[in-house]
1. Of the options A346, H33, Q82, report the single residue whose Cα projects farthest towards the positive end of the charge dipole of the chain (beta-carbon charges: Lys, Arg +1; Asp, Glu -1).
2. Positive end of the dipole of the chain, charges at C-beta (+1 Lys, Arg; -1 Asp, Glu), about the Cα centre: which of L429, V315, I334 has its Cα farthest in that direction?
3. Mind listing the long-range amide H neighbours of I433? Cut-off is under 5 Å, sequence gap 5 or more, other chains count too, H placed in the peptide plane at 1.01 Å from N.
4. I'd like the Karplus ³J(HN,Hα) series for segment 359-371: coefficients 6.51, -1.76, 1.60, θ = phi - 60°, whole numbers in Hz, and an x wherever there's a Gly or Pro.
5. Treating segment 150-189 as a set of equal point scatterers at the Cα positions, no solvent, please give the Debye-formula log₁₀ I(q)/I(0) at q = 0.24, 0.28, 0.30 Å⁻¹.
6. With +1 on each Lys and Arg Cβ and -1 on each Asp and Glu Cβ, how big is the dipole of segment 237-329 about its Cα centre, in debye rounded to the nearest 20?
7. Please work out how much accessible surface K69 shows to a 1.4 Å probe, ignoring ligands, DNA and RNA, in Å² rounded to 10.
8. Taking the Cα atoms of segment 289-432, report the difference between the largest and smallest coordinate on each principal axis, in whole Å and largest first.
Amino acid sequence: MADEKSFDPMNASSPSPSFSEYLRQASPYLAQHRDKTLVLYLPSSMISDAAMLQSLARDCVLLNSLGLKLVITLGAGDWLDQAYREAGLSWQHHHNTRITQAEHLPLLESTIGRVRARVESSITQASAEHHLPGALVSGNWVVAKPKGVINGMDFQHTGTVRKINRTALTQTLAAGQMVLITPLTYSLSGEAFNINTLEQAFAISDLLNADKLMLFQPAAELASLPKAVKGSELDRLPLSARLQGLIHAHGQGLKRVHLMADNQPDALLQELFSRDGAGTLIYTDRYHQLRPAQAEDIPGLMRLIQPLEAAGILVSRSPEQLEQALSDFWVMEIDQHLIGCAALNAIDGDHAELSCLAVDPAYRDQGLGQELLDQLETQARTQGFQQLWLLTTHTHHWFEEHGFRLTDPQALPASRKNLYNAQRNSKVLVKPIETRI
Ligand SMILES: CC(C)(COP(=O)(O)OP(=O)(O)OC[C@H]1O[C@@H](n2cnc3c(N)ncnc32)[C@H](O)[C@@H]1OP(=O)(O)O)[C@@H](O)C(=O)NCCC(=O)NCCS
């Protein structure tokens with residue numbers, strides 16, 4: 001049976017978790033997400049699949065009932081393609097964008113109307129199942145403008161977002177209503193425009209300063225993505241050019257973008273209510289926090305360092321020893337979950353020792369270890385230490401790459417030399433603490 005502290009219900013290798021265990025893991029997120037604004041992009045393929053739509057509708061109603069403010073943007077691409085095919089029409093494209101001709105607007109209006117009706121009826125049904133009144137509204141909060149003539153190509157009734165009626169949208173959400181937005185949007189002169197839904201979801205998220213933009217995307221495109229990535233590191237990811245461009249264009253206005261596979265409707269709840277999520281998080285704000293440890297962190301610290309102690313990488317500490325040394329520790333957390341730690345102990349007035357530097361394996365290779373080290377060096381500098389010492393059995397290369405140099409155990413300050421465990425035979429490293437001018 002998995003230890004509850006290290007239990008991860010979303011990890012397939014964990015034994016089958018109980019309902020209570022799921023609920024326990026989700027509970028911190030319930031309070032955390034309440035009143036947060038979330039823009040969700042539903043691609044047309046998921047709307048076409050009755051079972052997926054039903055599941056998504058239930059989850060949207062659940063999120064709304066938990067106090068999240070939900071803006072749902074509907075894709076209609078597949079539906080429009082089929083309607084065009086059936087009508088014997090074909091799209092004109094330019095740079096992967098559809099050109100919407102005036103004579104095709106009636107077909108566009110009726111098709112998007114059907115997509116909207118499908119979603120509205122599913123959400124009404126899901127609300128009834130939850131014994132909740134229907135709380136989905138759509139309206140003309142988004143104002144369109146023509147995409148215009150680009151490189152000589154007139155995009156006609158293909159539009160972009162000109163502005164949103166933020167006050168009305170915010171009030172609607174504050175009243176507990178879910179907002180539904182379709183690609184069919186109007187300019188101030190009343191002309192109809194077809195706006196690419198993904199572009200619309202980004203623009204609304206940006207203009208609304210939403211807390212999260214959650215996008216279902218083709219599963220194959222997400223297969224090799226990491227769990228979390230900084231917005232500035234996007235270029236190295238195999239994302240579509242459209243998605244890359246939108247993230248760059250709206251980078252400053254977005255807080256967190258979650259990418260979820262379009263064959264996994266459950267990813268929405270998993271991404272929101274489990275520690276490791278089910279998709280990829282692109283974060284543009286400060287995603288993790290670095291702070292001094294406090295008493296409540298002891299279970300999280302034990303969970304983090306025990307496997308490393310068992311592997312002989314870190315020296316074993318009992319919970320009591322950890323508690324006594326707690327004021328030496330800094331911790332790094334994500335969504336109230338500890339993912340890193342390090343301690344700084346004074347040896348004497350001039351020398352301090354760095355110990356217990358650890359980053360949760362799921363979060364390594366993102367520069368977090370370096371960030372912890374930088375923080376402790378700053379602490380050491382602030383406290384007036386001249387040299388930072390370190391004993392390690394496995395990781396001396398990493399520290400050498402971060403400015404430490406190997407030295408003889410005999411060079412340790414006298415009080416630390418007496419405690420050196422010759423059996424453990426750790427390598428000893430030292431780094432001068434430079435005073436910054
Ligand atoms: C060492 C540790 C804290 C680094 O954390 P991290 O968040 O992955 O660190 P960063 O992202 O800043 O650095 C990652 C780089 O270090 C390299 N690295 C990780 N462990 C290494 C090791 N033992 N030796 C050499 N390089 C190592 C990674 O390959 C990566 O290299 P890259 O940037 O070329 O891809 C983490 O691997 C860890 O928790 N290790 C176990 C505990 C430990 O050994 N602590 C030190 C004793 S106090």
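1. Going by the charge dipole, the pick is Q82.
2. After comparing all options, I get I334.
3. Q387, L388
4. 10, 3, x, 5, 10, 6, 6, 10, x, 6, x, 4, 5
5. Relative scattering, expressed as log10 I(q)/I(0), comes to -0.93, -1.08, -1.13.
6. Charge dipole of segment 237-329: 420 debye, to the nearest 20.
7. It works out to around 50 Å².
8. Principal extents (largest minus smallest coordinate, Cα): 42, 32, 29 Å.
The values are calculated or read from the model by the stated rules, or taken from the named source; none is laboratory data. Everything numeric here is computed off the predicted structure, so don't read it as measured data. Ideal geometry is used to build each Cβ from the backbone, glycine not excepted, and the neighbour counts take in all protein chains shown. With ligands, DNA and RNA removed, areas are computed over all heavy atoms of the protein, side chains included. Shrake-Rupley method; radii C 1.70, N 1.55, O 1.52, S 1.80 Å.
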